[in-house]
Amino acid sequence: MSTDPPDLPELVRASWHRFADTYEPLRGELYRYCRHLTRSPWDAEDLAQETMARAFATLGRMGVAPPNPRAWLFRVASNRWLDLVRRPPATVEPAPPAAPPPIELRDAAATLLVQLAPQERAAVVLKDAFDFSLDDVAGILGTTVGAVKAALHRGRGKLLEPPAEPARAPTRGAVDAFCAAFNARDVAGLTALLLDTATVEVVGATASYGADETRAQMVRGMLFGSARLANAATEGGIDARFVRGALPTPPRAEARSYRGEAIVVLWYAHDDGEHVRAINRVVDDGARIAALHNYFFTPDLIAEVCAELDLSHRPNGYRWWLTRAGCP
């Protein structure tokens, strides 16, 4: 029976860090592109995370680095999204429609774009929102300039406003229980809320599946990681430039309603007051939690959700592997 070399994880991490040096500066723009394609910040963040992972894996199989990293990354995102939307629909009971977003130009455009066929939507977004040339759009979508022109013509002609979707009230049982235990600094109470099969994830960084000590450590990190955040200049954790007056006080959890869903915003203490630095999304069965997703290293999603809820926030960047003062 073969085993992996003991230094393999370290080698992979080093390659990922080098990959991030080139592609991380494009991450904000990638999120905006994914946001145009999808209907929610959560789906956009998922697509952006998958795109980065697929791009990293694909790059390792390429003989030559892409000459245009921006266009290539958008192509990876487009291919993944087209794969997802072209899958046959699952035979399950449809979920209730999400609440319509506020009337803003971006969201109004997104609502209109959802009427378009996948290729049409991608073509319109790439050309009109990101100003790619027709040749670049054709390359990203793996088609011809003529086909892009036709898709643009069809897509632009379909942009008629659809009827508004009905709102639905979010359920709050497990979310309220989570906030109560979190604010009491009750690690045992928080882990007791988790089903034995629950997933706990720091999105883009790490995840734990099922009942083990790792997920308790992750919950403790959400509760008490503020101490390391406040001392990032010497202890690492995130880039020190994102600290901006953070204090070691444990964060405060607050339940909020966002687009028909109950979420948890985590308020971190700073020398100029509280600011949101993380958002928790909970999947529950009414009483206990089946999945807990912590959005901390997702500055684009945090900025969008907090702007819509009119909450003050601070970014943490994308990098979770820093050990001291911005150095890997």
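The values are calculated or read from the model by the stated rules, or taken from the named source; none is laboratory data. Remember, predicted model here, so these are calculated numbers, not experimental data. For neighbour counting, all protein chains shown are included, and Cβ atoms are generated from backbone atoms with ideal geometry for every residue, glycine included.
Filtering segment 285-314 to residues that are surrounded by 21 or more Cβ atoms within 10 Å (Cβ to Cβ) and over 17 Å from the mean Cα position of the chain (by Cα) leaves only ILE289.
Candidates in segment 47-64 are the residues that are of a type in the set (A, V, I, L, M, F, W, C) and buried (at least 16 other Cβ atoms within 10 Å of the Cβ); of these, the one that is farthest from the chain's Cα centre (by Cα) is LEU59. Of all positions in segment 225-248, none carries a residue that is exposed (fewer than 15 other Cβ atoms within 10 Å of the Cβ) and among the acidic types (Asp, Glu).
Considering segment 294-328, the residues that are in a strand (DSSP E or B) and at pLDDT below 95 include one that is farthest from SER15 (Cα to Cα), namely ARG324. The condition of being surrounded by 11 or more Cβ atoms within 10 Å (Cβ to Cβ) and within 25 Å of ALA117 (Cβ to Cβ) holds for only one of ALA20, ALA44, ALA14, that being ALA44. Taking segment 34-51 as the range and being more than 18 Å from TYR23 (Cβ to Cβ) and among the hydrophobic types (A, V, I, L, M, F, W, C) as the test, the residues that pass are LEU37, TRP42. Give the residue, chosen from THR3, THR22, THR51, THR58, that is in a loop (DSSP other than H, G, I, E, B) and either among the β-branched types (Val, Ile, Thr) or at pLDDT below 90 (or both). On inspection, the qualifying residue turns out to be THR3.
Out of ASP83, ASP131, ASP186, ASP196, which single residue is surrounded by fewer than 17 Cβ atoms within 10 Å (Cβ to Cβ), at pLDDT 85 or above and under 23 Å from the mean Cα position of the chain (by Cα)? Before you say what the answer is, go through the steps one by one.
On the way: ASP131 fails: under 23 Å from the mean Cα position of the chain (by Cα); ASP186 fails: under 23 Å from the mean Cα position of the chain (by Cα); ASP196 fails: under 23 Å from the mean Cα position of the chain (by Cα).
The match here is ASP83.
Of the listed requirements (1) buried (at least 17 other Cβ atoms within 10 Å of the Cβ); (2) without any contact (Cβ under 8 Å) to a residue 24 or more places away in the chain; (3) over 21 Å from the mean Cα position of the chain (by Cα), SER208 misses just one: (3). Total residues in segment 258-280 satisfying the condition of being modelled with pLDDT of 95 or more and not hydrophobic (A, V, I, L, M, F, W, C): the figure is 9.
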